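Trainee: Take a look at this one; I'll ask things after.
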Amino acid sequence: MKRMISAIMLAILFAAPSFGWGREGHEVIAKIAENHLHPSVRKKVEKYLGGHSIVYYAKWMDDYRRTPEYIHTNRWHTAPVNAELRYDDSLLTSKGNAIYGLETSITALENYKELSDSAVAVNIKYIVHIVGDMHCPSHIKYTTYDWDYDVVMKSGARVTLHTAWDSSIIRACRIYSSTEWAEEIDLMSRREIARIVSGTPRDWFHESAVRCAVQFEWTSPGSKIDQDVLNSAMPLIETQILYAGYRLAAILNHLF
């Protein structure tokens with residue numbers, strides 16, 4: 001019986017879909033963003049979120065993506081880029097993607113005073129999560145690279161490349177809480193932050209696609225994520241997380 005239960009659990013584990021950054025990544029992005037919200041904006045956002053912070057809802061969209069009410073958002077976690085590593089509307093399908101979901105939510109909240117409180121809340125939750133996802137290396141769907149393969153972690157665990165970037169690399173290197181990790185990396189000057197948040201979400205996505213393409217130089221099907229790869233991967237992850245946090249704050253400060 002124990003063997004049967006174990007087999008069933010393993011089947012469920014490997015059949016489960018890969019999500020965006022794990023809890024750690026999403027929460028530290030939200031914490032960095034929270035640190036850069038104008039006080040009045042933070043107060044307003046938390047009012048719509050029932051008194052909770054954006055950190056509380058950082059992973060919410062993963063938890064609800066397959067429920068009947070939110071199944072339409074299931075594909076709003078990744079987006080493709082073309083050969084120039086840019087997203088354009090020709091890549092949009094009927095199921096949507098992260099850029100579509102983010103732009104739709106931003107447009108909705110441009111007139112948030114005309115929406116119900118529940119509609120404002122859900123769009124805030126979408127934005128908090130999608131901005132994080134679109135900065136995750138594994139959520140950029142390169143049309144000119146093969147990204148559907150497994151790698152072997154330093155521990156010996158075999159995981160998809162997607163899972164490696166979502167959580168396995170982070171868990172191999174960081175044990176901080178979201179607050180501690182945010183304090184360690186949130187060190188940019190106001191001038192640097194202004195540069196990072198300039199442009200549009202599509203510009204940010206292109207920049208991320210260019211920066212994160214190096215993952216295909218570091219890995220190949222069946223390759224090992226050894227300490228040398230970890231030493232390169234973690235600075236990339238922290239850059240992406242930091243930029244996501246600043247950009248999330250910029251969007252919310254603009255909207256509210």
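Trainee: With the condition kept exactly as written, say whether any residue in the stretch 164-179 is in contact with a strand residue (DSSP E or B) (Cβ under 6 Å, 6 or more places away or on another chain) and over 28 Å from Ser40 (Cα atoms).
Mentor: yes
Trainee: Between a residue in the stretch 65-81 that is part of a loop (DSSP other than H, G, I, E, B) and any residue that is at pLDDT below 95 and surrounded by 20 or more Cβ atoms within 10 Å (Cβ to Cβ), which pairs come within a Cβ distance under 6 Å, given they are 6 or more apart or on different chains?
Mentor: His77/Gly20
Trainee: I've got another one for you. Going through the stretch 36-62 one residue at a time, which ones are touching a helix residue (DSSP H, G or I) at 6+ places or on another chain (Cβ under 8 Å) and either small (Gly, Ala, Ser) or over 20 Å from Ile193 (Cβ atoms) (or both)?
Mentor: Tyr48, Leu49, Gly50, His52, Ser53, Tyr57, Ala58, Lys59, Trp60, Met61, Asp62
Trainee: For the stretch 28-49, give me each residue that is farther than 16 Å from Tyr112 by Cβ and in contact (Cβ under 8 Å) with a residue 12 or more places away in the chain.
Mentor: Answer for the stretch 28-49, where residues must be farther than 16 Å from Tyr112 by Cβ and in contact (Cβ under 8 Å) with a residue 12 or more places away in the chain: Val28, Ile29, Ala30, Lys31, Ile32, Ala33, Glu34, Asn35, His36.
Trainee: So, one more: Return only the number of the condition from (1) over 15 Å from the mean Cα position of the chain (by Cα); (2) closer than 23 Å to Glu114 by Cβ; (3) of a type outside the set (Lys, Arg) that Thr67 does not satisfy.
Mentor: It is condition (2) that Thr67 fails.
Trainee: Next up: With respect to Val229, determine if the residue is modelled with pLDDT of 95 or more, farther than 30 Å from Lys43 by Cα and among the aliphatic types (A, V, I, L, M).
Mentor: Criteria met by Val229.
Trainee: Something else: Got at least one residue in the stretch 212-222 being closer than 30 Å to Leu92 by Cα, at pLDDT 95 or above, of a type in the set (A, V, I, L, M) and out of contact with any Ser or Thr (no Cβ under 6 Å at 6 or more places or on another chain)?
Mentor: yes
Trainee: Also, quick follow-up: Any idea which of (1) hydroxyl-bearing (Ser, Thr, Tyr); (2) assigned to a helix (DSSP H, G or I); (3) surrounded by fewer than 22 Cβ atoms within 10 Å (Cβ to Cβ); (4) touching a residue at least 60 places away in the same chain (Cβ under 8 Å) is the one Ser220 doesn't satisfy?
Mentor: All conditions pass for Ser220, except number (2).
Trainee: While we're looking at this one, here's another question. Of (1) in contact (Cβ under 8 Å) with a residue 40 or more places away in the chain; (2) surrounded by fewer than 14 Cβ atoms within 10 Å (Cβ to Cβ), Ile106 satisfies all except one. Which?
Mentor: Only one criterion is unmet by Ile106, namely (2).
The values are calculated or read from the model by the stated rules, or taken from the named source; none is laboratory data. Everything quoted here is computed from the prediction, not taken from an experiment. Here the Cβ is made from the backbone with ideal geometry for all residues, glycine too, and neighbour counts use every protein chain on show.
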